[in-house]
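Engineer: Below you will find the structure I want to go over with you.
The values are calculated or read from the model by the stated rules, or taken from the named source; none is laboratory data. This structure is a prediction, so every number in the text was calculated from the model and none was measured. Because the Cβ atoms are built from the backbone with ideal geometry, glycine has one as well, and the counts that use them run over all protein chains shown. Protein only, heavy atoms only, side chains kept; ligands, DNA and RNA dropped before computing areas. Shrake-Rupley method; radii C 1.70, N 1.55, O 1.52, S 1.80 Å.
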Amino acid sequence: MASRLGSLPPQLASSSLRHHRHHLLHPQCSGQASLSWRRAVAPAQLELISVSASTGRCLAPLLVKCNAQTAVATSLSQGTPVRPTSILVVGATGTLGRQVVRRALDEGYDVRCLVRPRPAPADFLRDWGATVVNGDLSKPETIPATLVGVHTVIDCATGRPEEPIRTVDWEGKVALIQCAKAMGIQKYVFYSIHNCDKHPEVPLMEIKHCTEKFLQDSGLKYLIIRLCGFMQGLIGQYAVPILEEKSVWGTDAPTRIAYMDTQDIARLTFIAMRNEKINKELLTFSGPRAWTTQEVVTLCERLAGQDANVTTVPVSILKFTRQLTRLFQWTNDVADRLAFSEVLSSDMVFSVPMAETYNLLGVDQKDIVTLERYLQDYFTNILKKLKDLKAQSKQTDIFL
């Protein structure tokens, strides 16, 4: 229960980081590198190894160290007690992160949010009552100061679409876990992807699985939560295009996904965090029912009261496009994301039975929001607003 500043390594190994980034960002050097993990000799340092699955090249050990310099200047002395209610949310501006922040504040936690420096500050987090600190997982030297006085880290972060997947989701997470371990963080909550261990050919899923293993081997107390899909993501993908009479894009694959409301994910997360029986556990959160794309579109059509303009993209086109973008170094990140889309467009089912998890958490399944209820609430509210706006427009026309 202490912030152990004295245990941090003296400085960031910047040359090693540059070497690490070189291998991750230049595939011609490492081939299609898979990722592995192992503990280093020093307890506060972990060693990364980039392993080529096909060529066996570039197997040099890659070392990333935490930088204590920004943390040592703080007024906290070694061994200062940390309140269990003090948490740091990483990725607080995202779809899931903001719900985690709101839930934490509602339950009385002292919430600190790690946010990248940005032109438009995350003022809404401050308005809610959270403390915002600037940091960037792609710049490990900015991390330690954000962890001072923190008991639990909740990691909701993921890289932006325009940046390489490995920059934040692998390099950044490794640096964050190392710093958390070195500074005596009491618990680390990490959100992952369901079935990530079954798809080493997909960079994002391979990184999630390797991060899980890296965290498990770090010596930290942890909670790993694998997720299937967010209901919130369906609004922009299906609901809004249908209302605006625009094209809805989908595939011809029978993929089934058990979407879950991010508010429920946040609520279950804090229940699990407070459960003393849950330590160093991997849980999977899944919605009440798994849905195909066509079933979701049909539901949206019924609730919106209008037909959708559906454009179907064959899975074979996704596969061909991914292979084509792999030919060029500057399109590798596009290929990585297409690989994930390809998995989501397969015949897999992203769902798990939840009865055992509900029993463990003491949660009634009836309290979990269904997709029907979630979309019903959305369309009811949005259609009412559209109706009110139309009525106001007509009233204005009369006065004019």
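Engineer: Restricting things to Cα coordinates, could you compute the convex hull volume per residue of segment 79-156 in Å³?
Structural biologist: Roughly 86 Å³ of hull volume per residue.
Engineer: For the peptides 182-191, 217-226, 299-308, 119-128, what is the packing order when you average, over each peptide's residues, the other Cβ atoms within 10 Å and list the highest mean first?
Structural biologist: Going from most to least packed, we get 182-191, 217-226, 299-308, 119-128.
Engineer: Under the definition of Cα pairs under 8 Å and six or more residues apart, what whole-number percent is the relative contact order of segment 175-288? Provide the component values of the computation, followed by the final result.
Structural biologist: On the way: 130 pairs, mean separation 34.4, N = 114.
About 30 percent, as a whole number.
Engineer: Could you do me a favour and compute the accessible area per residue for segment 203-306, 1.4 Å probe, result in Å²? Each step should come with its number before you reach the end.
Structural biologist: On the way: 3870 Å² over 104 residues.
Per-residue value: 37 Å².
Engineer: Once the Cα gyration tensor of segment 176-228 is found, what semi-axes does its equivalent ellipsoid get, as square roots of 5 times the eigenvalues, in whole Å, sorted largest first? Walk me through the numbers on the way to the answer.
Structural biologist: On the way: eigenvalues 97, 24, 11 Å².
Those come to 22, 11, 7 Å.
Engineer: How long are the three semi-axes of the equivalent ellipsoid for segment 125-234, computed from the Cα gyration tensor as the root of 5 times each eigenvalue, in whole Å, largest first? Walk me through the numbers before you get to the answer.
Structural biologist: Working: eigenvalues 100, 61, 43 Å².
Semi-axes (√(5λ), whole Å): 22, 17, 15.
Engineer: Where does the charge balance sit around residue 115 when Lys and Arg score +1, Asp and Glu -1, over other residues with C-beta under 12 Å from its C-beta?
Structural biologist: Net of charged neighbours comes to +3.
Engineer: Continuing with this model, one more query. How many nm separate the modelled label positions at residue 245 and residue 364, each set 7 Å beyond the Cα in the direction of the Cβ?
Structural biologist: So the label points at residue 245 and residue 364 sit 4.5 nm apart.
Engineer: Run the reach check for residue 139 against aspartates and glutamates, Cα to Cα strictly under 15 Å, same-chain hits fewer than 8 apart removed. What comes back?
Structural biologist: Those aspartates and glutamates meeting the cut-off are 163, 169, 171.
Engineer: Is there a pair in 221/277; 187/280; 198/221 whose C-alpha atoms are over 19 Å apart, and which pairs would that be?
Structural biologist: Values: 221/277 12 Å; 187/280 9 Å; 198/221 25 Å.
Checking Cα-Cα distances, 198/221 exceed 19 Å.
Engineer: Please list, by residue number, every one of the GluC sites (Glu not before Pro) in segment 204-277 that is coil in DSSP and has at most 14 other beta-carbon atoms within 10 Å.
Structural biologist: Values: sites: 206, 212, 244, 245, 276; in loops: 244, 245, 276.
The qualifying sites are 244, 245, 276.
Engineer: Please give every one of the lysines within straight-line cross-link reach of residue 387, meaning a C-alpha to C-alpha distance under 29 Å, and leave out same-chain neighbours fewer than 8 residues apart.
Structural biologist: Of all the lysines, those that pass the test against residue 387 - Cα under 29 Å, at least 8 places apart if same chain - are 246.
Engineer: So what is the accessible area of segment 85-197 per residue, in Å², with the probe set to 1.4 Å?
Structural biologist: Per-residue value: 32 Å².
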